[in-house]
Amino acid sequence: MVFATSSFRSTSSATLSIRSPKLSSTIDHRLIFSVSFDSLNKRRSAAMEVLCCASQPKNMAAPPKEAKLWGGRFEEGVTDAVERFTESISFDKVLYKHDIMGSRAHASMLAKQGLISFSDRDSILEGLDQIQERIERGEFEWRTDREDVHMNIEAALTDLIGEPAKKLHTARSRNDQVSTDFRLWCRDAIDMIVARIKHFQIAMVKLAKTNEGVIVPGYTHLQRAQPVLLQHHLLAYVEQLDRDAGRLLDCRVRLNFCPLGACALAGTGLPIDRFMTSDALGFTAPMRNSMDAVSDRDFVLELLSANAIIAMHLSRLGEEWVLWASEEFGFITPSDSVSTGSSIMPQKKNPDPMELVRGKSARVLGDLVTLQVLCKGLPLAYNRDLQEDKEPVFDSVKTIMGMLEVSSEFANNITYNKDRINKALPAGHLDATTLADYLVHKGIPFRTSHDIVGRAVALCVYKKCELQELSLDELRTINTVFEMDVYEYLGVQNSINKFTSYGSTGSECVAAQLDFWITRLGIDQ
């Protein structure tokens with residue numbers, strides 16, 4: 001990495017002077033502090049040299065540059081600056097398993113089609129096995145002058161087995177190779193994220209199961225609206241997570257088509273069997289259009305979009321738990337194992353994991369925007385811009401995996417404070433809509449019922465009481481339709497009992513929802 005040098009001007013005679021405010025007629029009290037900029041720059045240069053070379057073993061010179069595998073028509077090599085700017089091995093080496101998988105399938109197909117000998121195929125497969133073992137033991141040398149994961153592995157294979165390795169790239173371009181690798185990587189990433197979503201769903205269902213019968217205020221506009229069962233509230237997030245998993249699995253279906261054999265953009269005149277390589281790699285079929293095969297990044301955008309929605313859902317939950325853990329709400333208490341403290345305020349206990357879930361959603365959303373902007377101006381087919389598609393995806397997947405993991409940890413380590421919640425329930429006239437339903441049962445049009453209940457609430461505000469505390473005579477001054485059975489609708493518990501519609505917060509409905517998720521997720525009863 002090259003760092004910009006200081007803007008200080010290096011001049012041996014330059015000094016920095018500071019004059020004392022006190023002067024004497026007999027003694028000059030000027031204090032002059034001189035700094036040699038030459039010396040400063042030398043120290044800076046030495047420090048930069050140490051920093052830039054820190055990754056190289058001591059007393060070991062960098063390997064000499066070798067000719068590029070694509071360099072036949074060039075008379076000179078690229079400059080160091082160009083090489084540093086264009087390399088991708090620093091981040092795409094994580095694709096090594098998938099690159100080797102693709103090469104194994106491709107070599108086997110080439111042999112079957114008579115484009116290479118079976119002996120060469122065996123040498124290639126054995127060499128690829130050795131390279132993978134060296135990578136996983138940490139013994140493989142990743143070289144910047146070999147540009148990317150594909151060239152590093154192919155060049156290492158050539159070093160290892162010689163001429164047979166030079167046949168591996170027959171009927172293949174890095175354009176279709178990288179697209180194949182990336183689809184394989186994204187497919188595995190989706191499987192990992194979906195598994196972690198299920199883990200979080202299980203944590204949320206178990207949290208709901210341990211809070212049977214707990215009623216909490218339901219909010220709209222962050223204002224108290226209606227009473228809801230806490231189980232109902234928690235299962236709403238389980239539903240969101242299920243849609244998140246569904247989007248990822250839909251994405252997996254669409255990405256699971258094989259670009260390998262599309263070559264640079266136009267395909268090949270050699271007698272390859274793209275269906276064979278597609279089947280060997282677990283794809284549904286080869287991609288129909290070779291230009292689309294090498295240029296398409298819809299699958300990446302879909303994955304990033306699905307991750308962004310997951311991040312948004314987790315951020316909403318994080319915001320809620322942060323609020324509910326505050327002294328103002330006090331609805332939940334996180335355990336010490338998922339809380340942090342303050343460096344200055346001894347009393348603090350902060351729900352930092354969920355604050356960071358809320359914060360990290362920004363980078364996941366940003367990763368999606370990066371890819372959208374990257375792709376919006378690209379003509380067909382492949383463009384080098386697409387090298388920049390990987391880091392946002394790697395970042396998005398890593399971040400979303402961490403967000404899901406820590407959200408599960410938090411769910412497993414919080415307690416709902418039932419006494420505090422119960423004390424908070426009476427405020428806000430949460431049973432007002434149930435009272436309006438009562439009037440509908442009495443044959444009054446809903447809009448008229450709405451007005452009547454509104455006047456009852458106004459009376460409560462004036463008297464500083466709740467609806468269930470109004471006497472029957474007071475209610476009848478508003479409308480004579482009220483009878484003693486009205487009190488079966490007032491109060492949060494009665495209100496909950498009146499909910500019966502499918503998917504509602506009524507006790508029986510929520511019990512059915514909970515049973516559904518326990519069965520669906522395979523949770524032990």
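The values are calculated or read from the model by the stated rules, or taken from the named source; none is laboratory data. Just so you know, these numbers come straight off a predicted model, no measurement behind them. No Cβ is skipped: glycine too gets one built from the backbone with ideal geometry, and neighbour counts run over all protein chains shown. Side chains are part of the model used for accessible areas, which takes the heavy atoms of the whole protein and leaves out ligands, DNA and RNA. Shrake-Rupley method; radii C 1.70, N 1.55, O 1.52, S 1.80 Å.
Sort out for me the Cα centre separation of segment 127-193 from segment 410-451, rounded to whole Å.
Using only Cα atoms to place each centre, the spacing works out to 61 Å.
Which length gain, in nm to one decimal place, applies between GLU139 and MET192 when the Cα-Cα distance is subtracted from 0.36 nm times their residue separation?
Additional length available on full extension: 16.4 nm.
So what's the Cα pair-distance distribution over segment 463-525, bin width 10 Å, in %?
Values per bin, smallest distances first: 19, 31, 23, 15, 10, 2.
Quick one: which of 352-360, 192-200 comes out on top by average Cβ neighbours within 10 Å, and what's the full order, highest first?
352-360, 192-200
Relative to a virtual label point 7 Å from the Cα of SER337 in the Cα→beta-carbon direction, which members of segment 201-232 show backbone nitrogen distances below 20 Å?
Zone members listed by number: 201-211.
Report the per residue volume, in Å³, of the convex hull enclosing the C-alpha atoms of segment 369-513.
Working: hull volume 34.5 nm³, N = 145.
That works out to 238 Å³ per residue.
Given (i) 77, 55, 41; (ii) 120, 75, 43; (iii) 101, 100, 42, which label gives Cα extents along the principal axes in Å as computed from the coordinates?
Identified label for the calculated read-out: (iii).
Taking the Cα atoms of segment 342-443, what is the range of coordinates along each of the three principal axes, in descending order and whole Å?
That works out to 68, 54, 24 Å along the principal axes.
Counting alpha carbon pairs within less than 8 Å and at least 6 residues apart, what relative contact order, in whole percent, applies to segment 175-270?
Values: 81 pairs, mean separation 39.6, N = 96.
It rounds to 41 percent for segment 175-270.
Keeping every protein chain present and rolling a 1.4 Å probe, give me the accessible area per residue for the chain in Å². Don't skip to the answer; put the middle values down first.
Working: 28290 Å² over 525 residues.
Counting only protein heavy atoms, the per-residue value for the chain is 54 Å².
Roughly speaking, what is the stretch gain from ALA285 to MET345, that is 0.36 nm per residue apart minus the C-alpha to C-alpha distance, in nm to one decimal? If you can, show how the numbers build up before the last one.
Working: separation 60, 0.36 × 60 = 21.60 nm, distance 6.06 nm.
The ALA285-MET345 span can extend by a further 15.5 nm.
Which whole-number percent gives the relative contact order of the chain, counting Cα pairs below 8 Å spaced six or more residues apart?
Dividing the mean separation by the residue count of the chain yields 13 percent.
In Å³ and rounded to a whole number, note down the convex hull volume per residue for the Cα atoms of segment 194-239.
Numbers: hull volume 3.1 nm³, N = 46.
Output value, Cα hull per residue: 67 Å³.
Using helices alone, I'd like the mean residue ellipticity at 222 nm for the chain: each DSSP H run of four-plus residues gives -39500 (n - 2.57), total over residue count, nearest 500. All intermediate terms of the calculation are to be shown ahead of the outcome.
On the way: 19 runs with 286 residues, N = 525.
Computed mean residue ellipticity for the chain: -18000 deg cm²/dmol.
Between segment 223-287 and segment 89-110, what is the C-alpha centre distance in whole Å?
For segment 223-287 versus segment 89-110, the Cα centre distance is 21 Å.
Among LYS360/LYS398; LYS376/LYS398; LYS206/LYS423, which pairs are too far apart, with a Cα-Cα distance over 21 Å?
Over 21 Å Cα-Cα: LYS376/LYS398; LYS206/LYS423.
How high is the FRET efficiency from ASP524 to LEU249, r the C-beta distance, R0 30 Å, rounded to 0.05?
Numbers: r = 25 Å, r/R0 = 0.83.
Efficiency, rounded to the nearest 0.05: 0.75.
For the chain, list the DSSP H helices whose alpha carbon atoms reach 15 Å or more along the long axis and whose average Kyte-Doolittle value is 1.6 or above?
Once both thresholds are applied, nothing remains.
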